[in-house]
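Everything on this sheet refers to the single structure shown next.
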Amino acid sequence: MTKKIINALKRTIFSQRLEAVKALENKTREEKATLLAAVEIQRKSRGIKDLIVHIVFFIVFVLIVVLQLNPQSLFIINTSLKNQILFSQDSHYLAINNPSGFINYLNSTFCDSISEMSLENNDAMNKIIGNVIRIRTARVKPDSCSNNGFNLTCYSNTYDTNTKDRSPFGTNDMYTYTSNSHGSYVFGHNQYVWDRSGYYIDIPVSSIKTGVESLIDNGFFDIQTRSVIISFSTLNLNFQSRTSVFTMLTEWTASGSVNPYYSIRTYRIQLYMDALDKFRGFLEASFFLFILYYFFYFVNEGRIDYKLGRFKFYISKFKNIFDVINLTLFIASISLYLAFLGDNSRVLHINSQLQTTDYPLYLENLGQTALVLYQISAINILLMSFKTFRFLVVHRRLYILWIAISQSRVQLVTFTIMFCIMMLGFLFSGWLTFGTDIASFNGFVTSLGTLLQFIIGNPPDYEAMSYTNRALGPIYYLLFTIFMFFILVNMFVAIISDSYQNISNTFEKKQKTKRYLLTGWGRTMKSLSLLFTPYSLGIYDLVLMFIDQKPGLLETDGIDPLRFKDELMTVQPSIKDEATLCYYADLLMKVQMARIKYLYQIQSAKNTGVTFELKLVGQQVHKKDLDTWKKEAKVKEKKKFEPIQQNINILNAKLDLLLQAMNVPQQSIPQLINGSTGMPQSPINNNNNNNNGGYVPSSSSNGSINGSNNHIKLSSGTFTP
């Protein structure tokens, strides 16, 4: 038992592919093709195992993320915060569009809502931790842009290292600049990222109205302002002790407009509280083991390919690049989660800040970590769902959609190029024509999103387009509908439909011609049952037995599965189950049909100077370096003419002896055979000038050389060499 386990582990580590490479060394072409087919069929027959492992891993990971995040609870908490702070009936935060609207919102809705979230308010569901909020502003300095000769002060629209203001301002210079407020980065729209620099002030919740009025009176918001960031953290004990980091960003443009944005990052501060959390901890440990398994498998496959001299192909293969991205993101998510768990003192911090008025910076940073963690997890879930297509090869009906897309890839590439050209034309045209008045065309990304929605049936406002440009509006709308919606979209559908139909027809024809003892689902279920059978026989090992005990049987055409079933009972009498016999007989039938492809590849490799490699090792036939191939071709050509050259040398030696016997000078006889080329050489000079050293025997000579009779006539008789 122990020996079998050790052998199984060795096979996992050292790979059957290496064994197959060694087995190919002393085999004929037909046997090589059979072994290569056996390795591929075994890989496909065990694909159900890889699919099951992938599905289990996928379910475990999704459960971990869902149990950690609990989207339903987050939705309830976030909706409550938005309704209380942003979407009040008195003033709507997202309706702010100018500085005066922002000031009115602060004085009315904002101050009243924040006051109700005080720690002293026992009726508040969401309590502000630390009883303090932070308001930070980013300012540009005067003359931060060119005034173009006008006697006016220019204030830049962008906030960067060259334009930011660092001077104190306000009454008695009460507001001072800081290069790092130790908070998190804030993502906006007009400017993608707002860094941690600026002027900030922490205002206690108990005096929120007085604090906001002081900011307004002392000029905290003025013409130099480019952004105002309000942030605070709340605690809700009713949903597993969840903290929400609430950030409100208003971007102040140089044109006088104000654009509001917000973000809410809600996460748990205590991750292991009840039995469900302990179950999640068990899943997290299982997830870690899965990652170790996939990492070991990936590294081991790379090591094997390195031994086979094809590591470059291994790392350049799309499947492996996809796995590298997936594993890297998994490792990044594990690192972030461990960093998140590493701060064990956050509960103590919160308890201490329930009595103080310190701004909880560490909660803001943890919110940033949680946001990145869950975004990476969402990307990983999407990648894993795409990865599932790789394992659907276990049944061709499941895999047929992927095959249809693969078969039509050339047409899809052509279509994509044409689609991108047309889309870019309409995009820039719409941006330049309507972007000045219509928000849905204001910017490259916004215009792209609008046109993509147009394609899927959500068109932009036709009346607004016509109002902006009465001539181009209707024309643009009509042309986009005709070319993008009616022509290109339907062309895409036609490409996929035609490929799918062709693949389906081909599959149905093959199904009619195939002769198997079990159905496709029957073989799949039998393969699944053999996964739980200890030390089950592999088709590769079985093929080796057939090559040794029944040589030539697998290479014989016209054999049906019943013959394989009967022969299987003699080769492997330990198999008693009827379904198992039928399963292996069908696999042997698959091997016999698949070997033809490999035999053709081996023959092509021999005839074209190509290095043929194991199919399971690579999906391609790799060509040698051109210079190497030319050198080898010259060596083969030289070896090919070596026997001819030896015969030529023997004939020339005999001719020399003959000439000596005839007393004919050797210089006067032309060389009948060219020793360098091995080709006959005519003794007659076709040039009109016959005095070029050529010798033409005549009838007056003592003897004549008659090439047609293939002998030499002498005056005294005839001598045949």
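The values are calculated or read from the model by the stated rules, or taken from the named source; none is laboratory data. Just so it is clear, the structure is predicted and the values come from calculations on it, not from any experiment. In this analysis, Cβ positions are derived from the backbone assuming ideal geometry, glycine residues included, and neighbour counts consider all displayed protein chains. For the accessible areas, the whole protein counts, side chains as well, though only heavy atoms, and no ligand, DNA or RNA atoms are used. Shrake-Rupley method; radii C 1.70, N 1.55, O 1.52, S 1.80 Å.
Each peptide in 251-257, 414-420 receives the mean, over its residues, of other Cβ atoms within 10 Å, and ordering these scores from highest gives 251-257, 414-420. Counting only protein chain heavy atoms and rolling a 1.4 Å probe, the accessible areas of ILE203, ILE76 rank, largest first, as ILE76, ILE203.
Normalised Debye scattering of region 20-115 at q = 0.13, 0.22 Å⁻¹ gives log10 I(q)/I(0) of -0.72, -1.05, counting only Cα atoms as equal scatterers and leaving out solvent.
Ordered by 1.4 Å accessible area with all protein chains kept, LYS638, LYS590 run largest first as LYS638, LYS590. The H on the amide N of MET117, modeled in the peptide plane, is under 5 Å from the matching H of no residue at least 5 residues off or on a different chain. Considering only MET465, THR519, LEU478, and ranking their Cα positions along the charge dipole of region 461-519 that arises from unit charges at the beta-carbon of Lys, Arg, Asp and Glu, the one farthest toward the positive end is THR519.
What fraction of the Cα pairs in region 233-339, stated in percent, has a spacing above 15 angstrom? That tail contains 78 percent of the Cα-Cα pairs. Highest-first packing order for the peptide set 543-552, 34-43, 469-478 is 34-43, 543-552, 469-478, based on the mean count of other beta carbon atoms within 10 Å. Each other residue within a Cβ distance under 14 Å of ALA579 adds +1 if Lys or Arg and -1 if Asp or Glu, for a net charge of +1.
Of the listed residues LYS44, LYS576, LYS209, the order by accessible area with a 1.4 Å probe, largest first, is LYS576, LYS209, LYS44.
With θ taken as phi - 60° and the Karplus curve 6.51 cos²θ - 1.76 cosθ + 1.60 applied, the whole-hertz 3J(HN,Hα) list for region 188-205 is x, 10, 5, 10, 5, 10, 9, 6, 8, 7, x, 10, 9, 8, 9, 10, x, 5 Hz, x standing for glycine and proline. Amide H contacts of VAL132 (H built 1.01 Å from N, in plane; Pro and chain starts excluded): VAL205 sit under 5 Å, all sequence-distant by 5 or more or on other chains.
Put +1 on the Cβ of each Lys and Arg and -1 on the Cβ of each Asp and Glu in region 34-132; which of PHE110, SER80, SER100 then has its Cα farthest toward the positive end of the dipole? Going by the Cα projections, it comes out as SER80. Whole-Hz Karplus values for region 458-469 come out as 10, x, x, 6, 5, 5, 5, 5, 5, 5, 5, 8 Hz, taken residue by residue from phi with 6.51 cos²θ - 1.76 cosθ + 1.60 and θ = phi - 60°; glycine and proline positions read x.
By its C-alpha gyration tensor, with a ≥ b ≥ c as the square roots of the eigenvalues, how is region 105-179 shaped: rounded for a/c under 1.5, else prolate for a/b larger than b/c, else oblate? Because a/c hits 1.5 or more and a/b exceeds b/c, region 105-179 counts as prolate.
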